[in-house]
Structure formats: structure tokens, C-alpha cells
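Beneath this line is the structure, given in C-alpha cells, with notes to follow.
The values are calculated or read from the model by the stated rules, or taken from the named source; none is laboratory data. All values derive from a computational prediction rather than experimental measurement. Cβ placement follows ideal geometry from the backbone for every residue including glycine, while neighbour counts extend to all protein chains displayed. Accessible surface is based on the protein model in full, side chains and every heavy atom, while ligands, DNA and RNA are left aside. Shrake-Rupley method; radii C 1.70, N 1.55, O 1.52, S 1.80 Å.
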Amino acid sequence: MSRAFKIAPSILSADFTRLGEEVRRIEQAGADLIHFDVMDGHFVPNLSFGIPVLESVRKITALPLDVHLMIDEPARYLEQFVRAGANSISVHAEVCEDIPGIAYRMHQLGIHAAIAINPETEPTRVLDAAAHLDMILVMSVHPGFGGQGFIPESIGKVQAIRHELQRHGLEVDVEIDGGIKVDNIGLVAQAGANVFVSGSGIFGHRDYAEIIRQMREELQARSAGRTIGGDQEKSG
Ligand code: DX5
Ligand code: ZN
């Protein structure tokens, strides 16, 4: 199996006083995507940033912009986010009645279609429509804030989702978001995730390139069927 692993730093944890420099640094450090967390103060109890900031980020990077809409009525804003430069958009299943319908609209707009599920939302909610999707985003914290602890039950959820996707022969990306760090990225990869959002796990360090390098090392080790730095010694 050679599913590509992608590391998606969440700029929610960046230093906004110098956002341009942060985006450049994360790009140079080898990020695959930039994760862009939009919050409306209704769907989640916090506000972040929106369309004008996305437009500004679009001007200074060629990396794909992975927009995570933690907002009510996401369908109202899809087109504006695409015009502002989104390459993929995740809409929450909890506020989306017609998943195939919204995925169809996203594809019409020329972007990748993703559906996100909160920790308390059952995987079936999104698996039933998986054939219409490019990606499923599994929240491993309650959305709204960076820097929270990873919810361990998310591992089993990722496993169950990947298992069902494989059973139906579907090559859908599984993105994990919340509390991802060097010390748990390997486990989540082993469970079947292949896109890894990390905010504080990357921006909380001085050397972004070094942290991303360590994350890739963990991913490589897991995909080679062994572990490093811990539970199981490499033999030979
Ligand atoms: C949480 C956001 C996440 C957040 C992740 O609501 O969706 O993308 O930025 O931050 P960390 O990696 O610090 O948990
Ligand atoms: Zn997010």
C-alpha cells in the first residue's frame, strides 16, 4: 500500500503578527498542505479568520490550501472560499444534511470535497456518502481551539473508517485533526490516516523543518511496519 502521507500545519497556531513569514517558513520546512481553520462563534465557541486572510495567504504560497469550515451553513460560503484560493474544503457532517449534494457542488467548483466529523459523531454519517468524497476529516479534539489533547478513541475511529473504505475499494484520504504531535503521528498513521493536521505540534517549536522531519521519520517507520523510539525494538 503506498498511500501518500501529507503533513498539514494548521496556521491557527502561527504567529499572526508575522503570518506571511510563518507561511513561508512552513513551506520551506516541507509542509505538504496548509490547513486553514475557519470558526464562526456558532458551530464552535470561538472565532478565527476568514476570506480576506485566505486571500492574503493564497498570494504568498503555492501550497494547496486545505480549508476547514467550522461554521453553520457552510454551503453559503463555498464559492467565496474557492475564489479566495481554497484547494480543498472540509464541511462538518453535523451541519450538512445532503453530503452527496455538497460534495457535488465542491467538485463543480473545482476543489477536493471533504467532510469532517466531530468526536461524538458516528462514522456511518460520513461513510454512507464516502463514494462522493475525496477526504474524510476525523476530529481528534472537540473543534474550536488549538493546543488541546488528542482523544485516544480517535484511533479506533480512524481504523474503522479506513477498514470500511478498503472494504468498498474506495481510495479516500483520511485526515486527522487535533493534538497531533511527533509522539502520536505514527500510531494514527498505522490506524489508517494519511493526512495529518498539526498546529501547536509544529508551530510550538522553534525549528519547523526539524519537527516535520521527525514526523516523516515516524511515518516512514510505521509504514515499514516497525516503530522507532519506543514500544518495539527494531531487530537486525
Ligand atoms: C481545532 C482545529 C485544528 C487545530 C489543531 O478546532 O480544527 O485544526 O488548529 O491544533 P492542534 O494541532 O494544536 O491541536
Ligand atoms: Zn482544523
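Solvent-accessible surface of region 109-236, taken per residue with a 1.4 Å probe and all protein chains present: 47 Å². Note on the chain: Cα convex hull, mean projected area over all directions, 12.5 nm².
Counting lysine pairs in the chain whose alpha carbons fall under 24 angstrom apart, excluding pairs fewer than 8 residues apart on the same chain, gives 5. Across the options 54, 146, 219, the greatest Cα extent toward the positive end of the charge dipole of the chain (unit charges at beta carbon of Lys, Arg, Asp, Glu) belongs to 219. Identify the GluC sites (Glu not before Pro) of region 1-106 meeting these criteria: DSSP loop state and at most 10 other C-beta atoms within 10 Å of the C-beta. When the GluC sites (Glu not before Pro) of region 1-106 are filtered for loop state and at most 10 Cβ neighbours within 10 Å, 97 remain.
Our helix-only sum for the chain, with -39,500 (n - 2.57) per DSSP H run of n ≥ 4 divided by its residues, gives a mean residue ellipticity at 222 nm of -10000 deg cm²/dmol. Charge dipole of the chain (Cα centre as origin; +1 on each Lys and Arg Cβ, -1 on each Asp and Glu Cβ, all else neutral): 640 debye, rounded to the nearest 20.
The dipole here belongs to region 107-214: it is taken about the Cα centre, uses +1 on the Cβ of Lys and Arg and -1 on the Cβ of Asp and Glu, and is about 140 debye.
Taking amide hydrogens as modeled 1.01 Å from N in the peptide plane, which residues meet the under 5 Å criterion relative to residue 35, leaving out close sequence neighbours? Answer set, sorted by chain and number: 10, 11, 66.
Which ³J(HN,Hα) values in Hz, rounded to whole numbers, follow from the phi angles of region 71-80 under the Karplus curve 6.51 cos²θ - 1.76 cosθ + 1.60, where θ = phi - 60° and Gly and Pro get x? Going residue by residue, I get 9, 6, 6, x, 4, 5, 10, 3, 4, 5 Hz, with x marking Gly and Pro.
Basic side chains Lys and Arg get +1 at the Cβ, acidic Asp and Glu get -1 at the Cβ, and with that the dipole of region 1-58 about its Cα centre reaches some 220 debye. Computed over the chain with a Gaussian network model linking Cα atoms closer than 10 Å, the most mobile of 199, 186, 30 is 30. For region 106-216, the direction-averaged projected area of the alpha-carbon convex hull comes to 7.5 nm².
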